[in-house]
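Bear in mind that the values in this text are calculations on the coordinates, not laboratory data. These figures come from a predicted structure and were not determined experimentally. Positions of Cβ are backbone-derived with ideal geometry, glycine not excepted, and every protein chain shown enters the neighbour counts.
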Amino acid sequence: MNKAIKNYKNNTETKKEFKLLDPKNDVVFQMLFAKNNLAKGLLENILPDDITSLRVDVNKQLLGNTPKDKIGIVDLRAIINEEIECEVEMQMFYFKNFIPRFLDYWSKLYSGQLKQGESYDLLHKAVSIAIINQNIPSLKDLQAHTIWHIREDRNYGKILTNNLELHIIEVQKVKEEYNNNKNDKLLQWIMFLLNPESKEVDNIMVKNKKIEEAKKELLSLSQDEENQRIADFREREIRDKIDMYETGRDIGRAEGILNEKKRIITSLLKMSTPIDKIIEITQATKEEIEKIKKDESL
């Protein structure tokens, strides 16, 4: 184990035992990469662009063009080099509408740059990144990290525009690829997400100081009891959704989903969890949360 991490753990574990949070849990991922330096450490190993500046955008909502459009909530949103719009989603499992939803989020990221009446000349590159813990059937024969653009069918090397860029990283494929290329920094980051407590991650941290920094931050986040409660609720919600798929129940059944969301929101309100955190965990609107708070007299 890296000496700095070992000393840090020894100092903290003497105070109180804690479970290390799972960075693949989307709310933990949000907490971890809310810092500009860690977000930069991850993104500079995903994107082909040189990152000279990066600013994490605390507003993670992707708004549509009209009030009736669906709102998307992403796990990480950043402005790169003062003009590139970038959003990252951490997904624990694959679902049938994953790709249409992924494209919808990119479209909101791209069109959301313009205010009413502004020129299309103001549109800059928009990059959507999906890190997914399960393999995507249609990408079965491809590598773990795939990059997508709009290309001409008969002239494959001809890209229509660089303004659209999509990245998909299938976490489970990384295990095999890493064994063949242990110096690849992106694969090192994904190994950290897979199991930050592994001996291999300890070895990685000796050479990759950004991942050592991420491990320290994860240890710090894991000591907060509220963070532990929030992560536990999110994990339970994810397990429930997986169970719906495995047992053949329809995950889109409105009544079941609404009841589950209401139960989680009610529990979080009883723990005095801030509304912005409840929005991140449940993807409910502020109005929905306020209504439940009023109905339950909380």
### Sites residue 237 and residue 155 - FRET efficiency at Förster radius 45 Å, r taken between beta-carbons, to 0.05
0.50
### Packing rank of 108-114, 163-169, where each peptide gets the mean count of other beta carbons within 10 Å, highest leading
163-169, 108-114
#### Entry: Over segment 3-223, equivalent-ellipsoid semi-axes from the Cα gyration tensor in Å
32, 21, 16
### Query
Roughly what % antiparallel, to the nearest 5, for the DSSP beta bridges in segment 3-223?
50 percent
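Working out 0.36 nm times the residue gap between residue 97 and residue 213, then minus their Cα-Cα distance, what length gain in nm do you get to one decimal? Display every interim value, and only then the final one.
Numbers: separation 116, 0.36 × 116 = 41.76 nm, distance 3.51 nm.
Full extension from residue 97 to residue 213 adds 38.3 nm.
For residue 55 and residue 295, what is the calculated FRET efficiency with R₀ set at 41 Å and r taken between the beta-carbons, to the nearest 0.05? Before the final figure, lay out the partial values.
Details: r = 38 Å, r/R0 = 0.94.
Efficiency computed from Cβ-Cβ geometry: 0.60.
Among 262-275, 127-140, what's the highest-first ranking by average C-beta atoms within 10 angstrom per residue? Walk me through the numbers before you get to the answer.
On the way: 262-275: 15.5, 127-140: 17.9.
Highest to lowest by the protection proxy: 127-140, 262-275.
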## Note on the structure
Computed over segment 179-228, the convex hull of the Cα set has an average projected area, in nm², of 3.5 nm²
